[in-house]
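Okay, so here's the structure we're looking at.
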Amino acid sequence: MTRLTGILFDKDGTLLDFDATWAPATRDVLETLAEGDGALFRRLALACGLDVGAMTFLPGAPIIAGDTDAYAPVWAELLGCPYDAAFEARVNALYRQASLASLSGYDDVAGGIDALIAAGYRIGLATNDSEATARAHLDALGVLDRFDFVAGYDSGHGAKPLPGMVLAFAEHLGIPPQAVALIGDSTHDMDAARAAGAEAVGIGRTPAAREALSGHADMIVPDLAELIRHLAGRERQPLRDGRSA
Ligand SMILES: [Mg+2]
């Protein structure tokens with residue numbers, strides 16, 4: 001087995017608390033789009049699986065793992081406007097502003113990434129969010145300078161579950177895809193890793209994520225501390241039969 005040297009993170013649900021960040025942000029975006037029409041607001045929320053009362057998303061809602069093209073066209077339809085580049089750009093800009101206000105990173109992100117870098121790993125981000133918003137989020141978390149690579153669905157490598165972002169990260173580092181592990185909370189992440197030939201590591205921050213990942217990941221960790229412990233343990237395994245464990 002090739003030694004892992006590249007750790008490629010998904011963002012939402014992996015580094016950021018998804019519901020805490022995206023439920024209030026989505027409410028704000030939809031209030032802007034609905035322009036005070038309460039019935040329209042409720043239809044827009046229903047269409048993307050946002051439970052406004054509970055400030056959570058329904059399991060399987062396309063907004064959880066999909067890119068803008070996966071959840072915004074139905075909003076354009078309900079608003080009676082075309083889903084074109086201008087509408088997509090407006091939605092992304094509204095989300096960038098709204099999500100920075102509700103941004104909620106997990107407590108172990110900065111320390112965990114620093115520990116991985118200290119252990120010799122290179123760090124990247126592969127998100128189905130836009131690259132500009134991803135960079136703004138990492139900057140707000142104070143960790144942008146730790147990342148060798150940041151890609152969004154609009155960076156030119158395609159979106160997950162396609163393997164493009166994983167392959168681009170490996171190429172950027174000059175390593176084979178087999179030396180990359182993609183850490184994510186959805187089956188899109190696991191499928192993108194598999195399609196690229198990388199390791200698929202699930203991170204089960206919530207019961208819903210653990211359930212979604214079950215049977216799709218090479219391994220599932222609950223948090224970054226356990227990921228680091230696992231990687232360190234693997235490093236200590238002696239070579240056996242020409243393979244590392
Ligand atoms: Mg995610």
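The values are calculated or read from the model by the stated rules, or taken from the named source; none is laboratory data. Note that the structure is a prediction, hence the values are computed from the model and not measured. Every residue, glycine among them, receives a Cβ derived from its backbone with ideal geometry; neighbour counts consider all protein chains shown.
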Handout entry: Which numbered condition Val150 fails, given (1) of a type in the set (Val, Ile, Thr); (2) within 16 Å of the ligand (Cβ to nearest atom); (3) assigned to a loop (DSSP other than H, G, I, E, B)
Key = (3)
Practice task
Would you mind listing the helices (runs of 4 or more DSSP H) fully within the stretch 1-66 where at least 3 residues are within 15 Å of the ligand (Cβ to nearest atom)?
Solution key: 18-34, 62-65
Handout entry: Search result, residues across the stretch 151-168 that are of a type in the set (A, V, I, L, M), touching a helix residue (DSSP H, G or I) at 6+ places or on another chain (Cβ under 9 Å) and surrounded by 19 or more Cβ atoms within 10 Å (Cβ to Cβ)
Key = Ala151, Ala159, Met165, Val166, Leu167
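Could you say which residue among Ala245, Ala209, Ala181 is at pLDDT 95 or above and either crowded, with 18+ Cβ neighbours inside 10 Å or among the small types (Gly, Ala, Ser) (or both)?
On the way: Ala245 fails: at pLDDT 95 or above; Ala209 fails: at pLDDT 95 or above.
Just one listed residue meets the conditions, Ala181.
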Problem - Scan of the stretch 169-191 for residues that are assigned to a helix (DSSP H, G or I) and out of contact with any Gly (no Cβ under 8 Å at 6 or more places or on another chain), ordered by number - result: Glu171, Thr187, Asp191
Practice task
Collect the residues in the stretch 130-159 that are in contact with a strand residue (DSSP E or B) (Cβ under 8 Å, 6 or more places away or on another chain) and more than 26 Å from Gly111 (Cβ to Cβ), keeping them in residue-number order.
Solution key: His157
Handout entry: Unmet requirement for Met1, which otherwise passes all of (1) modelled with pLDDT under 95; (2) crowded, with 22+ Cβ neighbours inside 10 Å; (3) not polar (S, T, N, Q)
Key = (2)
